[in-house]
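The values are calculated or read from the model by the stated rules, or taken from the named source; none is laboratory data. Computed from a prediction, not measured in an experiment: that's the story for all the values here. Backbone-built Cβ (ideal geometry, glycine too); neighbour counts: all protein chains shown. With ligands, DNA and RNA removed, areas are computed over all heavy atoms of the protein, side chains included. Shrake-Rupley method; radii C 1.70, N 1.55, O 1.52, S 1.80 Å.
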Amino acid sequence: MKYIIILLFSFFTCLGQSDNDSFYDRAHALNVEILTKGIQYKNVEQSYDDGYSTINSEYIGALKDKNNNEFYILNTIYTSKSFGRSIDLVYVMIYNAERRLMGRYYLSNLNQLPDEIHDNKMIFKNICKEKDITISFQDGIPDKISLGCKGISKFYGFILNEEY
């Protein structure tokens, strides 16, 4: 299933776009604009010219590690409504203090996005009914995060930005 989504994502992002106009380029430009303007906890949407695709991003806050490095956390969603279906590709994108993309976590669905930053932790409220899931960046960006509950593990690895 994951490979089908990746294949469809590749197909949709290639439709009507030049090589310099990828999802990542557009998402990065939108996220840097959000960070520059300091727009927090507000969904910002950008539509593609094709009329079928959008990027939605929301800056939810900043985290610091024990070395005082600051990381900006943005929930970013690419939606394509081609062929009568809606496909969402869901990411937590992480930027450093210089607004350079460090990398991202690719998540399975919308309800897995973090809801807020509190006490220097990412808080996920809608995954487990029993309790919130918290992720600390105290030791830096985690190589993987676990968003499972009731003893079921769902690990998501950090995808390092190749340009960093």
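Descriptive notes on the structure:
- Screening ILE145 with (1) open to solvent by 20 Å² or more (accessible area, probe 1.4 Å); (2) within 18 Å of the chain's Cα centre (by Cα); (3) of a type outside the set (Lys, Arg) gives one miss only, at (1).
- The set of residues in the range 117-128 that are in a strand (DSSP E or B) and open to solvent by 50 Å² or more (accessible area, probe 1.4 Å) comprises HIS118, LYS121.
- Contact annotation: residue pairs with Cβ atoms under 7 Å, 6 or more positions apart or on different chains, pairing a residue in the range 97-115 that is under 17 Å from GLY61 (Cβ atoms) with a partner that is among the polar types (S, T, N, Q) and open to solvent by 60 Å² or more (accessible area, probe 1.4 Å), are ASP115/ASN126.
- Residue match in the range 7-19 (condition: open to solvent by less than 50 Å² (accessible area, probe 1.4 Å) and modelled with pLDDT of 95 or more): no
- Restricting the range 129-142 to residues that are of a type outside the set (Val, Ile, Thr) and touching a Lys or Arg at 6+ places or on another chain (Cβ under 6 Å), the residue that is surrounded by the fewest Cβ atoms within 10 Å (Cβ to Cβ) is GLN138.
- Beta carbons closer than 9 Å, at least 6 apart along the sequence or on distinct chains, pair a first residue in the range 137-164 that is more than 24 Å from ASN68 (Cβ to Cβ) and small (Gly, Ala, Ser) with a second that is assigned to a strand (DSSP E or B) and open to solvent by less than 30 Å² (accessible area, probe 1.4 Å) for SER146/ILE133; SER146/ILE135; SER146/TYR156; GLY148/ILE133; GLY157/TYR105; GLY157/ILE145.
- For the range 21-51, the set of residues classified as within 18 Å of ARG99 (Cα to Cα) and either among the charged types (D, E, K, R) or in contact with a Leu (Cβ under 6 Å, 6 or more places away or on another chain) (or both) consists of ASP25, ARG26, HIS28, ASN31, GLU33, LYS37, listed by residue number.
- When restricted to residues that are basic (Lys, Arg) and surrounded by 13 or more Cβ atoms within 10 Å (Cβ to Cβ), the range 148-164 contains 1.
- One residue alone among LEU89, LEU101, LEU107, LEU74 is within 16 Å of the chain's Cα centre (by Cα), open to solvent by less than 10 Å² (accessible area, probe 1.4 Å) and under 14 Å from LEU35 (Cα atoms), and that residue is LEU74.
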